[in-house]
Amino acid sequence: MGAPLDVTGLRDIRYMKWALYLARKAYELGEVPVGAVVVKDKKVIAMACNEKEMRNDSTAHAELLALQRASSYLGTWRLADTTIYSTLEPCPMCAAAMVHARVKRLVFGTRDPKTGAAGSIINLLHFPPLNHRVEIAEGVLEAECAELMRTFFQELRRDGRDGRRRSTRNRVDG
């Protein structure tokens with residue numbers, strides 16, 4: 001008999017695939033390709049992708065939008081016993097929102113060496129003075145998440161933001 005089946009790991013992969021689907025949607029829209037899914041009791045209760053460019057709103061990160069939608073769905077700002085899946089390590093704004101919302105667990109795909117706030121630059125999710133700690137699992141579907149980000153930013157450097165949006169619109173609109 002082999003090693004026991006890691007049900008949590010399999011579940012994490014399944015939900016991260018949803019987050020990756022959303023990140024690809026963001027990519028098609030010309031947004032930084034980040035997707036986020038909030039799960040409670042093994043049920044997806046909210047999901048979002050980055051919408052900063054579309055909304056012209058610097059706070060329209062996938063994680064924040066997903067947390068807002070989860071709060072709306074549950075009818076409370078307290079998101080105890082939820083897990084948020086994000087394709088990218090959260091920034092300080094999103095990490096702080098997870099702490100304030102009392103999220104139980106964060107699962108992310110790839111680290112963000114420039115703004116990561118779950119261990120890369122700072123770890124706000126385990127910051128001692130704060131009143132809540134968020135469990136962290138990282139590296140789920142890391143290669144796929146990292147490759148999507150790498151491709152997006154290579155195209156952005158090549159085409160510029162306006163060129164990226166034009167070529168993306170042409171692909172999406174047909």
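Quick check, is GLY35 at positive phi and either open to solvent by less than 70 Å² (accessible area, probe 1.4 Å) or polar (S, T, N, Q) (or both)?
no
Restricting attention to region 121-166, and to residues there that are open to solvent by less than 40 Å² (accessible area, probe 1.4 Å) and among the small types (Gly, Ala, Ser), which single residue is modelled with the lowest pLDDT?
Filtering region 121-166 for residues that are open to solvent by less than 40 Å² (accessible area, probe 1.4 Å) and among the small types (Gly, Ala, Ser), the one modelled with the lowest pLDDT comes out as GLY163.
Residue by residue, here is whether (1) open to solvent by 10 Å² or more (accessible area, probe 1.4 Å); (2) aliphatic (A, V, I, L, M); (3) farther than 20 Å from LYS25 by Cβ; (4) in contact (Cβ under 8 Å) with a residue 60 or more places away in the chain holds:
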| residue | (1), (2), (3), (4) |
| --- | --- |
| ILE84 | no, yes, no, no |
| THR87 | no, no, no, yes |
| PRO90 | no, no, no, no |
| ARG111 | yes, no, yes, no |
| LYS114 | yes, no, yes, no |
| GLY119 | yes, no, yes, no |
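The values are calculated or read from the model by the stated rules, or taken from the named source; none is laboratory data. None of these values were measured; they are calculated from a predicted model. So basically every Cβ, Gly included, is an ideal-geometry build from the backbone, and we count neighbours across all protein chains shown. Note: accessible area is taken over every heavy atom of the protein model, side chains too, but ligands, DNA and RNA are not part of it. Shrake-Rupley method; radii C 1.70, N 1.55, O 1.52, S 1.80 Å.
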